[in-house]
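Let me begin by presenting the structure, written as C-alpha cells, before commenting on it.
The values are calculated or read from the model by the stated rules, or taken from the named source; none is laboratory data. In this text the structure is predicted, and so the values were computed from the model without any measurement. Cβ coordinates were reconstructed from backbone atoms using ideal geometry, including for glycine residues, and neighbour counts include every protein chain displayed. Areas reflect the complete protein model, heavy atoms only, side chains present, ligands, DNA and RNA absent. Shrake-Rupley method; radii C 1.70, N 1.55, O 1.52, S 1.80 Å.
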Amino acid sequence: VEIQVRKIYCVDRADPLPFPIEDAARSEAEIQSALERGEQLARVNQSTRLEHRHLELRTPANQAIILLKSNLFSEFLRKLDFCQICTPTLLGGTSEGGANVFRLEYFGKPACLAQSPQFHKQMAVSGDCQRVFIVGPVFRAEDSNTHRHLCEFTSLDVEMQIKDHYSEVMDIVDSLFVNMFDKINENYPQELEAIRKQFPFKPLKYRKKTLRLTFEQGIQMLKDAGVEVDPLGDLNTETERTLGKLVLENNSFDVFIRGEEISSGAQRVHRAALLESRAQECGLDVKAISTYINSFRHGTPLHGGFGVGLERVVMLFCALDNIRKTSLFPRDPRRLEP
C-alpha cells in the first residue's frame with residue numbers, strides 16, 4: 001500500500017528534548033551489554049527522569065504501569081456490595097497521631113492533611129453504610145528517603161461491618177489480592193511484557209488461598225532462624241523481608257509481597273468511651289477529634305478494615321527497585337515538582 005501525503009498540519013512545534021525517549025526506555029541490561037561490546041549508550045538518571053516526568057511517561061514501560069493502576073480494585077469490591085465513598089483530605093485533627101503530619105492554616109484555624117481516611121470511613125459505617133471503600137490520596141510527613149516511601153500516595157481503603165468474626169475482613173483481603181493479581185496476569189500480558197523488557201522481573205508467586213500466620217507464629221519462625229526480635233514490638237523492614245524469605249522457603253509463598261508489607265488492618269474500637277480513653281493515652285487532642293468520637297455514641301456495629309498503598313503494590317508486583325517508578329508525579333521529602 002502506498003500513501004500519498006497531500007497536506008501536513010503542525011499541531012505543535014516541540015523544543016529540543018532533554019533526552020530521547022528511546023534512551024529513557026532502555027533497560028539496564030541493554031546498557032551493560034553495549035558496554036561489554038565497547039559501545040557507550042546513554043543512561044537517563046532518576047532525577048532527570050522525574051524533572052521531565054511528562055516525557056518519561058511516554059515510554060512503553062511507563063504506559064503499562066499507568067494502565068496497571070486501573071480500576072481492578074473498585075471493580076472487584078463493587079461486586080461484593082461495597083460502596084465507593086469520597087472522604088476529606090483536610091482535617092481539623094490528626095487521623096493517626098504522631099509527628100508525620102502536614103500541618104497548615106485553615107482560615108485562621110490549625111488543620112492538617114489526612115494521613116488516612118480512617119476517621120471518615122468508620123463514620124460512614126456508623127452511618128449504616130455497611131461496606132465502603134475509598135481510592136484517594138493520603139499524606140505522610142515522613143523524612144524517609146527510601147525506595148518504598150512517598151509523602152503522598154494513593155491509598156486503597158476498605159471498612160466493613162463484621163457479622164461474626166474479624167476474619168471476615170481477612171477473607172476480603174485474601175480474595176481481593178488474588179483477584180487483582182489474576183486479572184492483571186490474564187488481562188495485561190502485553191503491558192507486563194513491556195515492563196519486563198525495561199525492568200526484568202520474575203512473575204509473582206501466590207496461592208489461591210493465602211497463607212495466614214499468627215503474629216506469634218511469625219515471631220517463632222524468626223527466632224528459629226536466629227533472628228533477634230522483640231516479641232511485643234512491630235517488625236521493621238529488615239525483619240519483614242527476613243520473614244518473607246522464611247515463608248517462601250517453607251510454604252512457596254510470600255506473606256508480604258516479595259517480603260515487604262503492603263497492607264495493615266484490624267477490627268476497630270467501636271465504643272466511644274474506650275476510644276476517648278485510648279486517644280488520651282496516646283497523647284491525642286481529644287477535642288480535635290471529638291466529632292469522630294461522638295459518631296460512636298449512638299450505637300455502632302462491630303467493624304474492621306484495612307489500607308493498601310497502591311504504588312507499593314504495583315512496585316512489588318513488578319519487582320521494581322523504586323516506588324517513584326509507579327507514582328505518576330511522585331512527592332518525597334526532596335521533591336515537590338513537577
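Observations
- Probe 1.4 Å, all protein chains present, accessible-area order of GLU276, GLU186, largest first: GLU186, GLU276
- Rounded to the nearest 20, the Cβ-based charge dipole of the stretch 46-154 about its Cα centre (Lys and Arg +1, Asp and Glu -1) stands at 220 debye.
- Selection from LEU284, LEU113, ASN100, by position along the positive dipole direction of the chain (Cβ): LEU113
- Measuring with a 1.4 angstrom probe and ignoring ligands and nucleic acids, VAL227 comes out at about 40 Å² accessible.
- Straight-line cross-link reach from LYS209 at under 22 Å between alpha-carbon atoms covers these lysines, not counting any fewer than eight positions away in the same chain: LYS79, LYS163, LYS183, LYS245.
- With all protein chains modelled, accessible area of ASP174 [1.4 Å, Å²]: 10
- Largest to smallest accessible area among ILE195, ILE3 [probe 1.4 Å]: ILE3, ILE195
- Residues with amide H under 5 Å from that of CYS151, placed H, sequence gap 5 or more: ARG331, ASP332
- TYR166 - accessible surface, heavy atoms, 1.4 Å probe, Å² rounded to 10: 110
- Apportionment of accessible area to carbon and sulfur, the stretch 54-158, percent (1.4 Å): 53
- Going by accessible surface with a 1.4 Å probe and the largest first, LEU104, LEU72 read LEU104, LEU72.
- Anisotropy class of the stretch 11-165 from Cα gyration tensor, a/c 1.5 cut: prolate
- The Cα-based radius of gyration of the stretch 102-162, divided by its Kirkwood radius, gives an Rg/Rh of 1.07.
- Here, the chain yields an orientationally averaged convex hull projection of 24.9 nm² when only Cα atoms define the hull.
- Radius of gyration and maximum dimension Dmax of the stretch 282-338, Cα, Å: 18.5, 48
- In this entry, the stretch 109-237 is assigned a mean projected area of 12.8 nm², taken as a quarter of its C-alpha convex hull surface.
- Only the Cβ atoms of Lys and Arg (+1) and of Asp and Glu (-1) were treated as charged; on that basis the dipole of the chain about its Cα centre amounts to roughly 680 debye.
- Sequence-separation-based contact order of the chain, relative, with Cα cut under 8 Å and 6+ spacing, percent: 21
- With protein chains left intact and a 1.4 Å probe, residues in the chain average 58 Å² of accessible area per residue.
- Of the trypsin sites (Lys or Arg not before Pro) in the stretch 1-101, those whose Cβ has at most 13 other Cβ within 10 Å and which sit in DSSP loop: ARG6, LYS7, ARG13, ARG37, ARG43, ARG58
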